1. Where residues in the stretch 163-201 are charged (D, E, K, R) and touching a residue at least 24 places away in the same chain (Cβ under 8 Å), which of them is surrounded by the most Cβ atoms within 10 Å (Cβ to Cβ)?
2. Which numbered condition trips up A146, out of (1) touching a strand residue (DSSP E or B) at 6+ places or on another chain (Cβ under 9 Å); (2) without any contact (Cβ under 8 Å) to a residue 60 or more places away in the chain; (3) part of a loop (DSSP other than H, G, I, E, B)?
3. Among V15, V32, V90, which is the only one that is touching a helix residue (DSSP H, G or I) at 6+ places or on another chain (Cβ under 8 Å), buried (at least 20 other Cβ atoms within 10 Å of the Cβ), at pLDDT 95 or above and not assigned by TED's automatic domain parsing to the domain that holds D222?
4. So, in the stretch 202-237, of the ones that are of a type outside the set (S, T, N, Q) and in a helix (DSSP H, G or I), which residue ends up surrounded by the fewest Cβ atoms within 10 Å (Cβ to Cβ)?
5. Tell me yes or no: at least one residue of the stretch 172-187 is outside any strand (DSSP E or B) and touching a Gly at 6+ places or on another chain (Cβ under 9 Å).
6. Identify, please: which residue in the stretch 248-265 is more than 17 Å from V172 (Cα to Cα) and of a type in the set (A, V, I, L, M, F, W, C) and is, among those, modelled with the highest pLDDT?
7. For the stretch 42-64, what are the residues that are crowded, with 17+ Cβ neighbours inside 10 Å, more than 21 Å from Y241 (Cβ to Cβ) and within 22 Å of the chain's Cα centre (by Cα)?
8. Scan the stretch 237-247 and tell me whether some residue there is without any contact (Cβ under 8 Å) to a residue 40 or more places away in the chain and either out of contact with any Pro (no Cβ under 9 Å at 6 or more places or on another chain) or among the charged types (D, E, K, R) (or both).
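The values are calculated or read from the model by the stated rules, or taken from the named source; none is laboratory data. None of the values given here were measured: they were computed from a predicted structure. Neighbour counts run over all protein chains shown; Cβ positions are idealised from the backbone, glycine included.
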Amino acid sequence: MHWIVQNNLFGEQAVEELVTLLRRHGIRHDVVKLIPFGGGIEPDVEPEGPVVVIGAFGLSRHAQARGWAPGSWMGRNGPVDFDFDACCAVFGEQMLNHAARVVPFRDALEHDHDPFFIRPASDGKAFAGTVLDRAGFAEWRDRITATDSFGPDTPVVVGPVREILSETRFIVVDGKVVAGSVYRRDGRLHSDTAIEPHVLAYARDRAQEWTPDRVCVMDIADTPDGLRIIEFNNFNSAGWYGSDVSRIVQAIEALDVPAPEECTLR
């Protein structure tokens, strides 16, 4: 693979570790700046062979425009595969927010919950999933709708608040969990690779059932009612938290390679 990594993501430790590891093992890569509003990248590189990009959605769209493959895993049938409804159609009550509704943003208060949970219905991340009450909704709404990419017709998921004990992110490649990290415990950010065995086993089982694309991230919640899937996200633009970067790179480098045992990053 030739890795294209967005430079201004270096605030995330995992991305810094990624670039260091690529250099150490002589894996082809470029660090680029993503120019806003579809302006391309700097420098304007011309990679040969398989390419994988790590960065914002704009970098994935640039990879698609340039015909880089695999580039970014955006869904077997397109981004719709990551949508809330698509995941619920497969997993039903295994989804944390299976009781939620998908509505236009203009109807976000058409329910009886207070407080309530809200998130985008797609993987576009116009805003992060959050818990709101009715009193603070108007101020929050005005901040969100100030962007051109989000408006009253945008589908959102709205539902009751669920108690979550911990949240763990897993990186999945061809139906196999290759790395993971706890990223929130008791409502607080908490990066930890010491994943409880029952959470890991659950993630492995769900990953074998279905994923939106060959490579993705899957978030699992431990709740008083048991384990549930929070959501799936695009791998190329997702945070890896404390995940083992070498295992991620090894799994990606082994994709469609005749002798994957040759990828022995340590």
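1. Step one: list which residues in the stretch 163-201 are charged (D, E, K, R), which gives 163, 167, 169, 174, 176, 184-186, 188, 192, 196.
Narrowing the set further to residues that are touching a residue at least 24 places away in the same chain (Cβ under 8 Å) leaves 163, 167, 169, 174, 176, 192, 196.
Details: E163: 9, E167: 22, R169: 25, D174: 14, K176: 13, D192: 13, E196: 13.
For the stretch 163-201, the residue satisfying everything is R169.
2. So A146 meets the others, but not (1).
3. Numbers: V15 fails: at pLDDT 95 or above; V90 fails: buried (at least 20 other Cβ atoms within 10 Å of the Cβ).
It is V32.
4. In this case the residue turns out to be E209.
5. Filtering the stretch 172-187 down to residues outside any strand (DSSP E or B) leaves 174-175, 186-187.
Filter again for touching a Gly at 6+ places or on another chain (Cβ under 9 Å), leaving none.
No, there is no match, as no residue in the stretch 172-187 is outside any strand (DSSP E or B) and touching a Gly at 6+ places or on another chain (Cβ under 9 Å).
6. First, pick out the residues of the stretch 248-265 that are more than 17 Å from V172 (Cα to Cα): 257-259, 261-265.
Subset that is of a type in the set (A, V, I, L, M, F, W, C): 257, 259, 263, 265.
On the way: V257: 42, A259: 33, C263: 34, L265: 37.
Ranking the candidates gives V257 first.
7. Our first condition is that a residue be crowded, with 17+ Cβ neighbours inside 10 Å; within the stretch 42-64, this holds for 47, 50-60, 62-63.
Filter once more, so that each one left must be more than 21 Å from Y241 (Cβ to Cβ): 47, 50-51, 58, 62-63.
The answer is P50, V51, G58, H62, A63.
8. Just the residues of the stretch 237-247 that are without any contact (Cβ under 8 Å) to a residue 40 or more places away in the chain, to begin with: none.
Checked the stretch 237-247: no residue is without any contact (Cβ under 8 Å) to a residue 40 or more places away in the chain and either out of contact with any Pro (no Cβ under 9 Å at 6 or more places or on another chain) or among the charged types (D, E, K, R) (or both).
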